[in-house]
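Engineer: Structure below; questions to follow.
The values are calculated or read from the model by the stated rules, or taken from the named source; none is laboratory data. Predicted model only: the values in this text are computed from it and were never measured. Every residue, glycine as well, gets a Cβ built from its backbone with ideal geometry; the counts of neighbours run over all protein chains shown. SASA here: full protein model, heavy atoms, side chains in, ligands and nucleic acids out. Shrake-Rupley method; radii C 1.70, N 1.55, O 1.52, S 1.80 Å.
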Amino acid sequence: MTRKKLPLGIESFAEIRTEGFYYVDKTSMIRELLEKWSKVNLFTRPRRFGKSLNMSMLQSFFEIGCDRGLFDGLAIAKETALCEQYMGKFPVISISLKSVEGPDYDTSRALLCSVIGNEAMRFQFLLDDSQLTVREKAQYKQLIQVDAGGKESFRMPDSVLIESLKTLSVLLEKHYGKKVVVLVDEYDVPLAKANERGYYDEMVLLLRNMLQQVLKTNDSLYFAVLTGCLRIAKESVFTGLNNLKVLSITTVRFDEYFGFTDQEVQNLLAYYGLEDKYETIKNWYDGYRFGNADVYCPWDAIRYCDELTDDRAAEPKDYWTNTSSNDIVRHFLQAMGSRLAKSEMEALIAGETVEKEIHEDLTYNRLYDSADNLWSVLFMTGYLTYRGKPQGKRYQLAIPNREIRNIFTEQIMELFREGVAKDGEQLNAFCNALKIGDAAEVERLLTEYLHRTISIRDTFVRKPTKENFYHGILLGILGYKDGWYVRSNQESGMGYSDIVIRIEQEEIAIIVEVKYAENKQFDAACRNALKQIQQNEYVEQLQEEEFSTILQYGIACYKKQCRVMVRK
């Protein structure tokens, strides 16, 4: 059987439906939008949860001249009366602001003009419309005097840009005799980038004026849908917009339409014959809660399934890491100055929950003002989710799954390594103690290092993962020692040694085996590590290389404690 292709990174509904791609049916969202009516709808979801694909679906359904066959066999096609009344009955203005992220205000403004101009170019038939006056055609011409790169966009004055979407909707209503559907995808990307690059005030003023014109004082608007990552406080962008319905990750309405439900993932795996991978994909990519729905990240589920179709032994990956800088996690970890915040981070990594008050109406220029704001941002951007029922604004926050936990631990390790690099004195003291076989001093200094970072508790993390964490800490220390050749998990003898260090000029070799000390059984774990070195003959290759001194270390760790034994 020829199976459908997996839609990797495809955000066009029409392309998915016409080019033989697998599609998870979210078209019931259309019925709910029409039945549970709001003039302006704002959906806020983390990145990679299908916002852009849903917006493409809405355009494909409502737009005059749509291909009705795109919806054959989908849930919305069963709503025959609704389809007859609404499908293909409206002019649609659809823009995405995800590319409006220039290094300065002028560049971003030019990119915004280009986005507006390119959308306006779809309606060049307006120039031949006898119903439009000379003045109205002149207004339209002002919108399309841009090229694809936005180089000519400065020809569009502020007054024209601010009115652009409203002007286009008025002209389209006059042409078709039908009010207009407006779709604005990723509306807050320009604000996020402006905040990072120092022109936030100018950009927020521009977007506020433009969105007010098209969404608030526009008789040609039928209804509008906007998507974004964060809900921005009304006073920053949506001032006076009383017809706005915010549908955030805590809203029950529409909760299952962004992300894959458990049943949808099971169906996906069954279609590709991957049912045996269910537990793996659930542990790695499930765990998000939107409203009352538990959902998977669709980007991750599709990416992993695609790799599995080529290699059934493929390991899951941190796909999110490749789609964002994860700066918010770094900001959060750097802001953890208090002991309480650090212990809360340890609890989250252990799979526990932390109760926090969440504020969903922040502004981008205030995201990093306080630790409380950072908790809210982590929640709204998908790095944290919630468990149980909220009590007012207080939520029991948790890390959703293994992928996100890995992102946190990787950022923790990166900050730890940066700290090690800055403290050359302690680094040299640790390495010198390791080189001369001073187990007590190695133990003392390693304990100091462990107290600088997050500990791994017992409740959530499996033993091999805990050992990998401490393994990573040692590599983070040793990686900065000049003249030391450090290898990790190198094949030698009958197995793989954790860490092997060669100090060629001094003919010294060091083997390190790291164990996690279950129930604080430090001595037993150290002896087990030394026994493993001996049984697996890790020393043989080093003896063949004629190192005069070979030190064998067994290191046992538990939370922020360690024990070190050495065999010389």
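Engineer: Would you report the distance distribution of C-alpha pairs in the stretch 258-376 as whole percents per 10 angstrom bin, up to the bin with the largest distance?
Structural biologist: Pair shares across the bins are 11, 33, 32, 18, 6.
Engineer: Expressed as a whole percentage, what fraction of the accessible surface of the stretch 524-568 belongs to carbon and sulfur atoms when a 1.4 Å probe is rolled over the protein heavy atoms? Mind showing how you got there, number by number?
Structural biologist: Details: 850 of 2300 Å².
Carbon plus sulfur share of accessible area: 37 percent.
Engineer: From the phi angles alone, apply the Karplus equation (6.51, -1.76, 1.60; θ = phi - 60°) to the stretch 39-54 and give each ³J(HN,Hα) in whole Hz, x where the residue is Gly or Pro.
Structural biologist: Whole-Hz 3J(HN,Hα) from phi for the stretch 39-54: 5, 10, 10, 10, 9, 10, 8, x, 5, 6, 10, x, 4, 5, 5, 5.
Engineer: Next question, about the same structure. Using a simple charge model, +1 on the beta-carbon of Lys and Arg, -1 on the beta-carbon of Asp and Glu, nothing else, what dipole does the stretch 147-287 show about its Cα centre, in debye to the nearest 20? Kindly include the intermediate steps, with their values, before the conclusion.
Structural biologist: Working: 16 positive and 21 negative charges, 143 e Å.
Dipole magnitude for the stretch 147-287 comes out near 680 debye.
Engineer: Separate question: Report D for the chain in µm² per second (integer): Stokes-Einstein, Kirkwood Rh on Cα pairs, 25 °C, 0.890 mPa s. Write out the running numbers ahead of the final one.
Structural biologist: Numbers: Rh = 27.0 Å.
The estimated diffusion coefficient comes to 91 µm²/s.
Engineer: Next question. Taking Lys89 as the anchor, which aspartates and glutamates have their alpha carbon closer than 13 Å to its alpha carbon, excluding any fewer than eight residues away along the same chain?
Structural biologist: Glu63, Asp67, Glu173
Engineer: Separate question: Report, in degrees rounded to the nearest 10, the 0 to 90 angle that the Cα long axis of helix 298-310 makes with the longest principal axis of the chain.
Structural biologist: 60
Engineer: Something else about it: Tell me, what % of the accessible area of the stretch 39-111 is carbon and sulfur with a 1.4 angstrom probe? Write down the numbers at each step before the final one.
Structural biologist: Working: 1340 of 2670 Å².
Here it works out to 50 percent.
Engineer: How big is the equivalent ellipsoid of the stretch 318-414 along its three axes, where each semi-axis is √(5λ) from the Cα gyration tensor, reported in whole Å from largest to smallest? List each step's numbers first, then the result.
Structural biologist: Numbers: eigenvalues 69, 51, 39 Å².
Listed largest to smallest, the semi-axes of the stretch 318-414 are 19, 16, 14 Å.
Engineer: Angle, helix 522-535 long axis vs. longest principal axis of the chain, Cα atoms, 0 to 90°, nearest 10?
Structural biologist: Once rounded, the angle reads 80 degrees.
Engineer: Taking the stretch 380-487, how much of its Cα-Cα pair set, in percent, is spaced more than 22 angstrom apart?
Structural biologist: Values: 2565 of 5778 pairs.
Of all Cα-Cα distances in the stretch 380-487, 44 percent exceed 22 Å.
Engineer: Taking the Cα centre of each part, how many Å lie between the stretch 467-483 and the stretch 205-228?
Structural biologist: The stretch 467-483 and the stretch 205-228 have Cα centres spaced 53 Å from each other.
Engineer: Send over the per residue convex hull volume for the stretch 7-124, Cα only, as a whole number of Å³.
Structural biologist: Hull volume normalised by residue count: 137 Å³.
Engineer: If you don't mind, there's one more thing I want to ask. Report the number of Lys pairs in the stretch 1-58 whose alpha-carbons are under 20 Å apart, with separation of 8 or more residues or on distinct chains. Mind showing how you got there, number by number?
Structural biologist: Working: Lys4/Lys26; Lys5/Lys26; Lys26/Lys36; Lys26/Lys51; Lys36/Lys51; Lys39/Lys51.
Pairs that pass both the separation and distance tests number 6.
Engineer: Normalise the Cα radius of gyration of the stretch 91-214 by 2.2 N^0.38 Å (N = residues in it) and let me know the number.
Structural biologist: Numbers: Rg = 14.2 Å, N = 124, 2.2 N^0.38 = 13.7 Å.
With N residues counted in the stretch 91-214, Rg over 2.2 N^0.38 Å equals 1.04.
Engineer: Just the number please: accessible area per residue for the stretch 366-439, 1.4 Å probe, all protein chains included, in Å².
Structural biologist: With the other protein chains kept in place, the stretch 366-439 gives 40 Å² per residue.
Engineer: Still on this structure: Please calculate the 1.4 Å probe accessible area of Phe408, with all protein chains present, and give it to the nearest 10 Å².
Structural biologist: Roll a 1.4 Å probe over it and Phe408 shows about 0 Å².
Engineer: From the square roots a ≥ b ≥ c of the eigenvalues of the alpha-carbon gyration tensor of the stretch 361-423, which class results: rounded (a/c under 1.5), prolate (a/b over b/c), or oblate? Kindly include the intermediate steps, with their values, before the conclusion.
Structural biologist: Working: a/c = 2.86, a/b = 1.53, b/c = 1.87.
Oblate shape, in that a/c is at least 1.5 and b/c is the bigger or equal ratio.
Engineer: Another question, if that's okay. Tilt of helix 463-478 relative to the longest C-alpha principal axis of the chain, in degrees (0 to 90, nearest 10)?
Structural biologist: Tilt of helix 463-478: around 80 degrees.
Engineer: Next question, about the same structure. For the stretch 176-230, just run the numbers: alpha carbon Rg, then divide by 2.2 N^0.38 Å, N being how many residues it has. Don't jump to the answer; show the numbers that get you there.
Structural biologist: Values: Rg = 13.2 Å, N = 55, 2.2 N^0.38 = 10.1 Å.
In units of the 2.2 N^0.38 Å rule of thumb, it is 1.31.
Engineer: Here is a follow-up. Which percent of the accessible area of the stretch 230-317 is formed by carbon and sulfur heavy atoms (probe 1.4 angstrom)?
Structural biologist: Numbers: 1530 of 3510 Å².
That share works out to 44 percent.
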